[in-house]
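Enquirer: Structure below; questions to follow.
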Amino acid sequence: MMGGTSGLDQLDELYESIILDHYRNPRHTDLLDSPDIDVEANNPFCGDEVHIQLELDGDAVSGVSVSGQGCAISQSSASLLAEMLKGKSASEALEFVTLVRRMMRGDELTEDEKDRLGDILALEGVKRFPVRIKCALLSWTALEDALSENVGAGS
Ligand code: ZN
């Protein structure tokens, strides 16, 4: 069905199944009525688009919507991000972005850090394909930009 065009042939099979599951069934895609944060980002190199909405209750992320279109890597990464955000505070979410960035850079991660990443580790193999790293980090960079502004602004 994918006709071998997914570009994922060289990724580990378990990781590939996680990525394709999130690509086909993205989590938390319903738009929010009154988001506190509403950002869109795109990756012109690949045609990927993501739209992130968050509701904040103080520092806590109380509502999440992540949607978009584009390649399997960008969209599964966005869905994994949506799943990560539930129940996090804005500052915890920012720490998580740093962790994902380190993973994609090829930093050695501790077992504890790998545990925290969970299914997001499925994206680690993408670091072997430099052109796709932009796809994987698109939504994370957009989240980081949006939250940094918000957290930095105080209340
Ligand atoms: Zn892409």
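Enquirer: Report Rg/Rh for the chain, rounded to two decimals, where Rg is the Cα radius of gyration and Rh the Kirkwood radius.
Expert: On the way: Rg = 14.9 Å, Rh = 15.7 Å.
So for the chain, dividing Rg by the Kirkwood Rh gives 0.95.
Enquirer: Please enumerate, by chain and number, the lysines with C-alpha under 23 Å from the C-alpha of LYS134, excluding those fewer than 8 residues away in the same chain.
Expert: Output for LYS134: LYS114.
Enquirer: Also, I was wondering about something else. Each residue of the range 107-121 in order: what ³J(HN,Hα) in whole Hz does its phi give by Karplus 6.51 cos²θ - 1.76 cosθ + 1.60, θ = phi - 60°, with x for Gly and Pro?
Expert: Per-residue couplings from phi come out as 4, 6, 9, 6, 4, 4, 5, 5, 4, 5, 5, x, 4, 5, 4 Hz.
Enquirer: By how many degrees, between 0 and 90 and to the nearest 10, does the Cα long axis of helix 13-24 differ from the longest principal axis of the chain?
Expert: Result, in degrees: 50.
Enquirer: If you add up the charges near MET103, with Lys and Arg at +1 and Asp and Glu at -1, over every other residue whose beta carbon is less than 12 angstrom from its beta carbon, what do you get? Write down the numbers at each step before the final one.
Expert: Numbers: positive: ARG101, ARG102, ARG105, LYS114, ARG116, LYS127; negative: ASP107, GLU108, GLU113, GLU124.
The answer is +2.
Enquirer: How far, in degrees from 0 to 90, does helix 130-152 lean away from the longest principal axis of the Cα atoms of the chain, to the nearest 10?
Expert: Relative to the chain, helix 130-152 is tipped by roughly 10 degrees.
Enquirer: Could you give the Stokes-Einstein D for the range 99-155 in µm² per second, using the C-alpha Kirkwood radius, 20 °C, 1.002 mPa s? Intermediate results must be reported in sequence, preceding the final value.
Expert: Working: Rh = 12.5 Å.
Stokes-Einstein gives a translational diffusion coefficient of 172 µm²/s.
Enquirer: Out of the total accessible area of the chain (probe 1.4 Å, heavy atoms of protein only), what percent is carbon and sulfur?
Expert: Values: 3710 of 8040 Å².
Here carbon and sulfur together make up 46 percent of the probe-accessible area.
Enquirer: Could you bin all the Cα-Cα distances of the range 32-121 into 10 Å bins starting at 0 and give me the percent of pairs in each, rounded to whole numbers?
Expert: Spelled out per bin, shortest first, that is 16, 44, 34, 6, 0.
Enquirer: Right, here's the next one. Quick one: accessible area per residue over the chain, 1.4 Å probe, rounded to a whole number of Å²?
Expert: Working: 8040 Å² over 155 residues.
That works out to 52 Å² for each residue.
Enquirer: Can I ask one more? Rounded to the nearest 20 Debye, what is the dipole magnitude of the chain about its Cα centre when Lys and Arg each give +1 and Asp and Glu each give -1 at the C-beta?
Expert: Numbers: 13 positive and 29 negative charges, 106 e Å.
For this selection, approximately 500 debye.
Enquirer: Hey, if you put +1 on the Cβ of every Lys and Arg and -1 on every Asp and Glu Cβ in the range 7-155, which of LEU20, ALA90, CYS46 ends up farthest toward the positive end of that dipole?
Expert: Checking the options against the dipole of the range 7-155, the answer is CYS46.
The values are calculated or read from the model by the stated rules, or taken from the named source; none is laboratory data. Just so we're clear, the structure is a prediction, and the values are computed from it rather than from any experiment. Counting neighbours? That spans all protein chains shown, and the Cβs are built from the backbone with ideal geometry, glycine included. These area figures cover heavy atoms from the full protein model, side chains too; ligands, DNA and RNA do not enter into them. Shrake-Rupley method; radii C 1.70, N 1.55, O 1.52, S 1.80 Å.
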